[in-house]
Amino acid sequence: MSSHAKLSPSSSSRWIACPGSVRLSEDVPDPAGEAAREGTFAHAIAEQCLKEDKSPFEFVGHSDGEFTCDNEMATHISVYVDAVNALAD
């Protein structure tokens, strides 16, 4: 998983007021919430769809142990995959 930006805009009020907080916060774990983990799972499926020219619906029933791709998730992934493909054309 990619790391978060050290000087992210969302925390700029903190690091502008206290530059030392950037170093101090480096060792603090940033656990992903449930929605973020589900999004990471969905993005992994979308990536595979784009790389292998597959339909998201081929992944219905696929699980990472925490989340399972169902028809609703496949529909949302399909919207994303279609948008990326449209931009790539």
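Close amide H pairs (under 5 Å, H built 1.01 Å from N) link His62 with Cys69, residues at least 5 positions away or on another chain. When the chain is treated as a GNM with alpha-carbon contacts under 10 Å, the residue of Pro19, Pro31, Pro56 showing the greatest mean-square fluctuation is Pro19. In the chain, Cα pairs under 8 Å separated by at least six residues give a relative contact order of 20 percent.
In debye, nearest 20: dipole of the stretch 33-89 around its Cα centre with unit charges on the Cβ of K, R (+) and D, E (-)?
Numbers: 3 positive and 12 negative charges, 17 e Å.
Result for the stretch 33-89 is approximately 80 debye, rounded to the nearest 20.
Loop only by DSSP, 16 or fewer other Cβ within 10 Å of the Cβ. Give me the trypsin sites (Lys or Arg not before Pro) in the stretch 1-53 that pass, ordered by residue number. Walk me through the numbers before you get to the answer.
On the way: sites: Lys6, Arg14, Arg23, Arg37, Lys51; in loops: Lys6.
Sites meeting the loop and neighbour criteria: Lys6.
Couplings 3J(HN,Hα) of the stretch 27-42, computed from phi: 8, 8, x, 10, x, 6, x, 4, 5, 5, 5, 5, x, 4, 4, 5 Hz, in residue order, whole Hz [Karplus 6.51 cos²θ - 1.76 cosθ + 1.60, θ = phi - 60°; x for Gly and Pro]. Site pair Val22 and Leu87 shows an inter-label distance of 2.8 nm when each label is modelled 7 Å from Cα along Cα→Cβ. Note on the chain: dipole from Cβ charges, positive end direction compared against Ser25, Thr68, Asn85; the farthest Cα belongs to Ser25. Across the stretch 20-89, the fraction of Cα-Cα pairs farther apart than 15 Å, rounded to a whole number, is 57%. Under the combined filter of DSSP loop state and at most 11 neighbouring Cβ atoms within 10 Å, the chain retains these GluC sites (Glu not before Pro): Glu26, Glu66.
Read the figures in this text as sums done on the coordinates, not as results from a lab. The shown structure was predicted, so the numbers you read here are calculated from the model rather than taken from an experiment. Neighbour counts are summed over all protein chains in view; Cβ atoms, including those assigned to glycine, are modelled from backbone coordinates with ideal geometry.
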